[in-house]
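Notes to accompany the following structure.
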Amino acid sequence: MSSARILLPLLCASLLSACSPTTPLFIAQITTNEVVEYKTLKNNRMLAAIEDEGDLLTYSAQAIRDAKSEQAERLYLSGYHDAKLSSEVRAIALYQIGLLYMNRFNEQRDDNQALNYFYQVLNQFPASRAAARAEARIALIRARANKPLHKTSRELLAHWQPNQQFDLYKPSLDPDMTLLSRRAVLKNRVGEAEELYLLALSDSGIAAEIKQKALYQLGLMHLASDNRNANRDQAIDYLRRLLAEYPQSELKAKAARHLDQALNRGTL
């Protein structure tokens with residue numbers, strides 16, 4: 001498997017249009033209303049999982065939605081075993097598996113499995129950015145274990161209500177923004193998402209295709225009207241870098257359009 005395919009989900013480079021819910025073939029045997037209800041349930045599960053854990057990457061949230069934790073685990077492990085990648089990126093791969101298995105809305109939740117991966121991050125990558133986060137998640141799992149009542153993911157989802165201040169599909173958000181970028185803007189965590197995208201740019205083992213998309217997402221986040229700390233100059237720098245370093249990029253036309261709008265905005 002190519003490094004690009006491994007790291008595409010790892011760094012949330014896929015566009016939001018790839019996040020629409022899938023429908024298993026057996027759904028064709030039930031009524032239309034039931035199909036709609038099933039799709040809503042799957043979407044709600046993903047949104048609830050994201051609200052419950054802000055560090056989940058797009059691919060991880062999709063795996064929870066579609067009950068494909070083991071498949072996601074295998075893909076992340078491919079990234080972890082890739083010696084060409086930096087220790088920071090490999091640590092993130094293990095960290096994401098831990099987040100998958102500890103999420104309360106995951107029907108395949110396994111706290112012991114999650115703990116194993118978090119401890120692996122601490123033991124193998126103690127100086128990584130993911131290490132401190134893994135340590136915090138270990139403490140959270142331990143605290144949960146001491147609670148007398150434990151609801152299943154379905155029970156939790158049945159009583160879950162979406163946060164009205166956290167609409168991932170707000171019309172004001174650029175349609176090309178990934179879930180990671182959208183959540184970062186709405187949760188005022190752009191700095192953290194920026195750090196993750198910059199890891200992609202600095203890692204020599206990551207494909208140019210992903211670096212292009214990382215630069216594009218950085219530009220979109222800093223231009224977003226919902227970003228409380230929007231930075232037009234920073235966005236312009238990222239978009240110019242994309243056009244200069246990757247002149248043949250499939251994102252060239254879109255990046256140029258956003259750059260032109262940003263430059264014109266500054267002259268009004």
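The values are calculated or read from the model by the stated rules, or taken from the named source; none is laboratory data. Because the structure is predicted, anything quoted here is derived from the model rather than measured. Every residue, glycine among them, receives a Cβ derived from its backbone with ideal geometry; neighbour counts consider all protein chains shown.
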Ala114 passes all but one of (1) touching a Gly at 6+ places or on another chain (Cβ under 6 Å); (2) touching a residue at least 60 places away in the same chain (Cβ under 8 Å); which number fails?
(2)
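Residue by residue, here is whether (1) touching a residue at least 40 places away in the same chain (Cβ under 8 Å); (2) surrounded by 19 or more Cβ atoms within 10 Å (Cβ to Cβ); (3) not assigned by TED's automatic domain parsing to the domain that holds Glu53 holds:
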position: Asn163; (1), (2), (3): yes, no, yes
position: Tyr169; (1), (2), (3): no, no, yes
position: Glu195; (1), (2), (3): yes, no, yes
position: Ala207; (1), (2), (3): yes, no, yes
position: Ala214; (1), (2), (3): yes, yes, yes
position: Leu218; (1), (2), (3): no, yes, yes
position: Asn227; (1), (2), (3): yes, yes, yes
position: Ala230; (1), (2), (3): no, no, yes
position: Lys252; (1), (2), (3): no, no, yes
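Residue by residue, here is whether (1) touching a residue at least 40 places away in the same chain (Cβ under 8 Å); (2) in contact with a Lys or Arg (Cβ under 7 Å, 6 or more places away or on another chain); (3) part of a loop (DSSP other than H, G, I, E, B); (4) on the phi > 0 side of the Ramachandran plot holds:
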{"site": "Ala143", "(1), (2), (3), (4)": "no, no, no, no"}
{"site": "Trp160", "(1), (2), (3), (4)": "yes, no, yes, no"}
{"site": "Asn188", "(1), (2), (3), (4)": "yes, yes, yes, yes"}
{"site": "Gly191", "(1), (2), (3), (4)": "no, no, no, no"}
Could you tell me how many of the residues in segment 171-190 are surrounded by 10 or more Cβ atoms within 10 Å (Cβ to Cβ) and either over 21 Å from Tyr59 (Cβ atoms) or touching a Pro at 6+ places or on another chain (Cβ under 7 Å) (or both)?
1
Cβ-Cβ under 8 Å, sequence separation 6+ or interchain: first residue in segment 62-79 and over 17 Å from Met46 (Cβ atoms) and hydroxyl-bearing (Ser, Thr, Tyr), partner surrounded by fewer than 17 Cβ atoms within 10 Å (Cβ to Cβ) and at pLDDT below 95. Which pairs?
Ser78/Met1
Given (1) hydroxyl-bearing (Ser, Thr, Tyr); (2) under 21 Å from Ala193 (Cα atoms); (3) surrounded by fewer than 14 Cβ atoms within 10 Å (Cβ to Cβ), Thr152 misses just (2)
Within segment 212-245, the count of residues that are within 17 Å of the chain's Cα centre (by Cα) and either among the aliphatic types (A, V, I, L, M) or not in a helix (DSSP H, G or I) (or both) comes to 5
Could you please give the count of residues in segment 95-125 that are acidic (Asp, Glu) and surrounded by 24 or more Cβ atoms within 10 Å (Cβ to Cβ)?
0
From the list Ile64, Ile92, which residue is crowded, with 24+ Cβ neighbours inside 10 Å, under 19 Å from Glu194 (Cα atoms) and out of contact with any Pro (no Cβ under 8 Å at 6 or more places or on another chain)?
Ile92
Filtered residues of segment 235-250 (kept if of a type in the set (S, T, N, Q) and either in contact with a Leu (Cβ under 7 Å, 6 or more places away or on another chain) or buried (at least 17 other Cβ atoms within 10 Å of the Cβ) (or both))
Ser249
